[in-house]
Structure formats: C-alpha cells, structure tokens
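Scroll down for the structure; my scribbles are underneath it.
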Amino acid sequence: MNKKLLAGLTTGLLLVGIASISNATLIGDSITATGLDLSPSVATIGAGVEFVGFSKFNFDFNASTLTITDTNVKVWFGYGDYVFSDFNDTITGISIASNTGFTGLIVDNFSFDAHSITLDMSFGVRTEGSVLTFDISTEPVPEPATMLLMGTGLAGLIGARRKKRK
C-alpha cells in the first residue's frame, strides 16, 4: 500500500471517527413550552428551573433529564397537556427515572416525538416534597461542519484510491 493511499485512508477514518464522536445533550437548547400558565414560554436549558407552571409546578431540564417539583398543589385537575418542543437533538425515548410521590396522568400518560415531549397534566396527586424525574434519551443531529468533515474524509479516500489505480 503506497504512502498516499495510507495517508488518505488514515485521514478519512480519523475524520469519520471525529464526526461520529458527539454526545447528545439538552444543555443550550432553546425550547418552547405550552400549557396552563407556563412562564416563560421559551427558555434555554441550563442551570436552574426553566419553566414555572400554574400553581408553582417547576420544570427543570438538564443534560438528559426533566425534573418536576410542585411547591403548592397536592391535587389538581383540568390542567391539560404541557408540551415542551423545539429540542435540537432527536428524542428517542422518555421514561420515569424516579418518583417520590406523584400519581395520576402525569406518570401514566406522557409521550414524545422527535423534537417534543408531552405530559398529561389533566389530573394528578402529589405528597409533600414530591419529585418526579424523567430520563430523556436523545440522538445528536449532525451539524453541517460534521457532515463537511465526513465528506472531506470520504473524498480523500476516493481520491487516494483513484490515484493508485492510474
């Protein structure tokens, strides 16, 4: 194998490897929230509580979880769906990681699609000090720079191979 082909192959594999190494995280995503009296309606995921809902429901996102606490209401009904949307990465799953006292539709009826999470807040009960945490699985969406790196690496491989044939 000649040195140019080996260099092209090594560069191509390195660039494809770099493009493949990326961790999906929710930190930095600017997401939209809809639901009964959610404030604010758009927030960037970072340190602290991103959204506060009716009756002081706190919705705190971090790199891969959503934690819900409530400082006011023990029983609620009629709040409807709370929807968090516009996530940058593709959501591939959501599950309850821990629950210390929430019951009702919020724990029985939640869903997701590629870029949003829906919680059914139509009815629920909680005990004092309750915390509900959801694990959110995501898959990174390739950035244009990543695609450029992959394309450059593959073009280098193809170019090196063609030169060897000549």
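Laid out as a table, the results:
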quantity	calculated
Residues located in the stretch 69-90, provided they are over 14 Å from Thr133 (Cα atoms) and assigned to a strand (DSSP E or B)	Val75, Trp76, Phe77, Asp81, Tyr82, Val83, Phe84, Ser85, Thr90
All positions within the stretch 74-97 that are surrounded by 15 or more Cβ atoms within 10 Å (Cβ to Cβ), at pLDDT below 95 and of a type in the set (A, V, I, L, M, F, W, C)	Trp76
Candidates Gly124, Gly93, Gly48, filtered to the one that is part of a strand (DSSP E or B) and either of a type in the set (Lys, Arg) or closer than 21 Å to Ser30 by Cα (or both)	Gly93
Within the stretch 96-115, tally of residues that are farther than 17 Å from Thr25 by Cβ and either under 22 Å from the mean Cα position of the chain (by Cα) or among the hydrophobic types (A, V, I, L, M, F, W, C) (or both)	12
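The values are calculated or read from the model by the stated rules, or taken from the named source; none is laboratory data. Because the structure is a prediction, the values reported are computed rather than measured. Every residue, glycine as well, gets a Cβ built from its backbone with ideal geometry; the counts of neighbours run over all protein chains shown.
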